[in-house]
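**Q** Sharing a structure with you now.
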Amino acid sequence: MSDPFDLAEPTPRPPATPDTANSGPVVVADQHLQNLNETQLEAVKTIDGPLLVLAGAGTGKTRVLTTRMGHILLQGKARPWEVLAVTFTNKAAKEMKERVASLINRPIEGWWVGTFHAVGARMLRANAEAAGLRSNFTILDTDDQVRLIKQLMEVHHIDEKRWPARVIAGTIQRWKDRGLVPEKVTAGEGGDADEGRILSLYTEYQHRLSVLNAADFGDLLLLCLKVFQDHPEILAEYQDQFRYVLVDEYQDTNVAQYLWLRMLAQKHKNICCVGDDDQSIYSWRGAEVGNILRFDEDFPGAAIVRLERNYRSTPHILAAASGLIAHNEGRLGKTLWTDSNEGEPVQVRGVWDGEEEARVVGDAIESLHRKNHALNEIAILVRASFQTREFEERMITLGVPYRIIGGARFYERQEIRDAIAYLRVTVQPDDDLAFERIINLPKRGIGKAAMQTIHQFARAEGISLTRAVLRLVETDEFRPKVRKTLADLMADFSRWRSLVSVMHHPELVGTLLDESGYTAMWRESKATDAPGRLDNLKELVVALEDFDNIGGFLEHVSLVMENEESQELDKITMMTLHGAKGLEFETVFLPGWEDGLFPHQRSLDESGASGLEEERRLAYVGLTRAGKRATVLYASNRRIYGKWQSAYPSRFIDELPIEHITHETNPGLGDTGRRVEPSFDFDAPAEFRQSTWAARRAAAKPKRRTETVAWEHRKNPADSPAFQLGERIFHQKFGYGKIVALDGNKLEVEFEKAGSKKVVDSFVERT
């Protein structure tokens, strides 16, 4: 038998004989092609020429990719080292190697399978001199990269408070993701970054890397591109070598990755890209959905195969997801289907607030678990990380084990720990651990020498750090600037302490975080996660509303933190929608489907129509994670920074095909409602958009009962006389009460059972 890797004598294979039925596996003679459906087989056997495989969620793309690679080798079309296969994760690369080796049933040596960065590093080491490096160059990690940038910032006199080193590292990385060496960054782009000084630092940074014989992760492809451009003979060698190029998750490629692939595939043009334009959700990481959308323009005559048969979800879930994503204009188009006849419609549930949302989900999980539903097959997928807090609280109350994927549990997050440390010092001045955590947060110029002085004095006198500072600021132990800073901080804590007994504790926490400068620190930060941290701080203030005082809250947090994560395997999963891509669960809960939260207002403000389409793709990803059941939830109002705000159902709910959903509102909210037209002018100023939304809400026409939503359950206050002081009212959540203060549309009400609360007038009725 001839060697299948010998191109001179390829092993002959009989032709495939597909079944007439499109739904089932096709009968073929080749063992490795068994159990493929018709479209999967087409993708595997379309070997020559450019090919785009549009692989919908749960359609078996990994099987197609690995089988195609094995088929190329077994057909003698190429030797292992003549096939380049790139992925985004080491796990995916490892799985591909194992599957292909198993498929062809023989060891494989010399192949080029790995992540973009791993393959780029391999090429760069082989051609280091052409890139101005030596082959033993060092690859810097993020910490080393930031340390080097800090050194250069001092030379360039760049204020680190205004431009933190990590932010500059991120700016440089974004330029590299777009394939831009310093001289290719336009004056406009470079000038936007601190009057062009960041661009100058980028130039110096690249020079320093060369001197240090080092490269960062962005260089692993950027320098390859530069080598290919400056040394066409090197590019030609790789183009000759790689007869076939295979790419996984093509929709997630950035510009540099796109250019690198396109250059390598130009000779043979046997490039196969597998991806799903409907699951492109990482633009904030540099991914360009346009790469997959223009594939047939980059490679004229390209074949396109759509994998649409889904092996994961029920017909209702697939139809709901397909109906939703069809509203996107920037897509190539496909419709998922399955031959399964099982399943229930997607449940859409309107609730009163976030607390009820968590309670409804918790009750549903308990009910499922009583029916022997595995907890590790249940997921709660949120748009923003702060949303997990109420679900965590509820699961702890119910004793349901859970895990947070892709982040820390709510009370373990850095910003929450910092805020709690401020609270602990306020109510317990002798808490040394808490005081040491926040004494220099935000940065106050208190260095190691000052801290050593404080520790030494505290140990010598047998007192706490706070008491030590109070005594030391009366001396000359510190430099005048440090002494004044510490004295001011102690005065702040004294003032905050005096407010504990007279100020509503959620309001006090907001005041403390604002006056300490901690909120401003994150507001001014250019870090990509800063907005999320601010959202978490707002959620912390909301959490305080559930407790009578700060002491009770801190005790609760201590008990929660003591509840260490066990090694029990059967747990529900909580994570963000971005982190859920590629995963699957039997049951998925999708809370917080409200305009402003999902789609997220920040995405709409920053990216307009394209931001809305990416948010819709994120919703599509969430729905298609579910195998048997999916539940979408939205709340009529949420507490933001301790204040109630009305919330409106996400426009995505309107876009779900009504024949594939059941829509249930809270029975106590009534059953008359109106839907809001989701489209508006993205180019208009924010204040105009808000007024437009208000006008459209007022003009919206009622729809049929099955589409009832909760947000319009009260009479519009504009249609009736203004409320008056002393007037008796009724609130659905808090019951009967009397108005004691007015502030525009906000009322302070003394409720008969719930005590004093601040509410919005649209949520109350006259009695």
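**Q** Want the number for R106 to Q601: 0.36 nm per residue separation, take away the alpha-carbon distance, what's left?
**A** Using 0.36 nm per residue and subtracting the Cα-Cα distance, I get 172.9 nm.
**Q** Per residue of region 524-533, in order, report the coupling 6.51 cos²θ - 1.76 cosθ + 1.60 (Karplus, θ = phi - 60°) as ³J(HN,Hα) in whole Hz, putting x for Gly and Pro.
**A** Computed from phi, the couplings for region 524-533 are 8, 5, 9, 5, 5, 8, 4, x, x, 5 Hz.
**Q** Then there's this: Measuring with a 1.4 Å probe in the full set of protein chains, what accessible area per residue, in whole Å², belongs to the chain?
**A** I get 45 Å² per residue for this part.
**Q** I need the phi-derived Karplus couplings for region 584-596: 6.51 cos²θ - 1.76 cosθ + 1.60, θ = phi - 60°, integer Hz, Gly and Pro marked x.
**A** Karplus-based 3J(HN,Hα) across region 584-596 equals 8, 9, 5, 10, 10, 10, 10, x, x, 7, 10, 4, x Hz.
**Q** What is the set of long-range amide H partners of W112 at a cut-off below 5 Å, with H atoms built 1.01 Å from backbone N?
**A** Under 5 Å from the amide H of W112 lie the amide H atoms of V83, A85, each far enough along the sequence or on another chain.
**Q** A further question on this structure: Between rounded, prolate and oblate, where does region 208-259 land on the alpha carbon gyration tensor, with a ≥ b ≥ c its root eigenvalues, rounded for a/c under 1.5, else prolate if a/b exceeds b/c?
**A** Oblate is the answer for region 208-259, as a/c is 1.5 or above yet b/c matches or exceeds a/b.
**Q** Test of understanding: extend the Cα→C-beta vector of A741 to 7 Å, then name every residue of region 497-537 with backbone N under 11 Å from that spot.
**A** 503-504
**Q** Between D143 and I47, what FRET efficiency follows from the Cβ-Cβ distance if R0 is 60 Å, with the result rounded to 0.05?
**A** Efficiency for this residue pair is about 0.85.
**Q** Let me ask another. Binned at 10 Å from 0, what are the whole-percent values of the Cα-Cα distance distribution for the chain, short to long?
**A** The percentages, shortest bin first, are 2, 11, 19, 22, 20, 14, 8, 3, 1, 0.
**Q** I need the phi-derived Karplus couplings for region 259-264: 6.51 cos²θ - 1.76 cosθ + 1.60, θ = phi - 60°, integer Hz, Gly and Pro marked x.
**A** 5, 4, 5, 5, 5, 5
**Q** When the accessible area of the chain is computed with all protein chains present and a 1.4 Å probe, what percentage of it is carbon and sulfur?
**A** Reported share for carbon and sulfur atoms: 49 percent.
**Q** If you take the square roots of the eigenvalues of the alpha-carbon gyration tensor of region 167-324 and sort them as a ≥ b ≥ c, do you get rounded (a/c under 1.5), prolate (a/b over b/c) or oblate?
**A** The shape class here is oblate.
**Q** Can you give me the angle between helix 219-230 and the longest principal axis of the chain, using Cα atoms only, in degrees from 0 to 90, rounded to the nearest 10?
**A** Helix 219-230 sits at roughly 40 degrees to that axis.
**Q** Set the Förster radius R0 to 22 Å, insert the Cβ-Cβ distance between N549 and R403 as r into 1/(1 + (r/R0)^6), and round the FRET efficiency to 0.05.
**A** 0.10
**Q** Could you list which residues have their amide H under 5 Å from that of C272, counting only those 5 or more apart in sequence or on another chain, with H placed in the peptide plane?
**A** Amide H neighbours of C272: L51, V245, L246, V247.
**Q** Take the alpha carbon gyration tensor of region 43-145, find the square roots of its eigenvalues, order them as a ≥ b ≥ c, and report rounded if a/c is under 1.5; if not, report prolate when a/b exceeds b/c, else oblate.
**A** Prolate shape, in that a/c is at least 1.5 and a/b is the bigger ratio.
**Q** Also: Just the Cα atoms of region 373-450: what Rg and Dmax do they give in Å?
**A** 17.1, 58
**Q** Same structure again: Taking Cα centroids, how far is region 421-459 from region 105-154 in Å?
**A** Computed from Cα coordinates, the inter-centre distance equals 42 Å.
**Q** So, one more: One-quarter of the Cα convex hull surface for region 288-376, in nm²?
**A** Convex hull of Cα atoms, orientation-averaged projection: 9.2 nm².
**Q** Only Cα pairs under 8 Å and at least 6 apart count here; give the relative contact order of the chain as a rounded whole percent.
**A** Relative contact order for the chain comes out at 13 percent.
**Q** Pulled fully out, how much extra length does the chain show between K758 and Q428, if you take 0.36 nm times their separation in residues and subtract their Cα-Cα distance?
**A** Taking K758 through Q428 to full extension adds about 115.9 nm, to one decimal.
**Q** Once Lys and Arg get +1 and Asp and Glu get -1 on their Cβ, which of G350, L332, I158 lies farthest toward the positive end of the dipole of the chain?
**A** Positive-most Cα among the choices belongs to I158.
**Q** Starting at 0 and stepping by 5 Å, how many percent of the alpha carbon pairs of region 84-191 end up in each bin?
**A** In whole percents, the pair-distance histogram is 2, 9, 13, 15, 18, 13, 11, 8, 5, 3, 2, 1, 0.
**Q** Continuing with the same structure: Just tell me which lysines come within less than 25 Å, Cα to Cα, of K161; anything on the same chain fewer than 8 places away is out.
**A** Output for K161: K150, K176, K443, K448, K481, K484, K526, K538.
**Q** I'd like the antiparallel share, as a percent to the nearest 5, of DSSP beta bridges with both residues in the chain.
**A** 35 percent
**Q** Right, another one. Tell me which residues come under 5 Å, amide H to amide H, from L307 once H is placed; ignore anything under 5 positions away on its chain.
**A** Excluding prolines and chain starts, which carry no amide H, the hits are L54, A55, G56.
**Q** What does the extension gain come out to for A520 and N341, with contour length at 0.36 nm per residue minus their alpha carbon separation?
**A** Using 0.36 nm per residue and subtracting the Cα-Cα distance, I get 59.0 nm.
**Q** Show which aspartates and glutamates lie in cross-link reach of K267 when reach means a straight Cα distance below 15 angstrom and same-chain residues fewer than eight apart are skipped.
**A** Here the aspartates and glutamates satisfying the reach criterion relative to K267 are D48, E82, E233, E237, D240, D298.
**Q** If you don't mind, there's one more thing I want to ask. Among the lysines, which have Cα under 19 Å from the Cα of K61 when same-chain residues fewer than 8 positions away are ignored?
**A** Once the sequence-local lysines are set aside, what remains near K61 is K45, K91, K94, K97, K334, K581.
**Q** How many percent of the alpha carbon pairs in region 325-407 exceed a separation of 15 Å?
**A** 69 percent
The values are calculated or read from the model by the stated rules, or taken from the named source; none is laboratory data. Just so we're clear, the structure is a prediction, and the values are computed from it rather than from any experiment. Neighbour counts run over all protein chains shown; Cβ positions are idealised from the backbone, glycine included. The accessibility values were calculated without ligands, DNA or RNA, using every heavy atom of the protein model including side chains. Shrake-Rupley method; radii C 1.70, N 1.55, O 1.52, S 1.80 Å.
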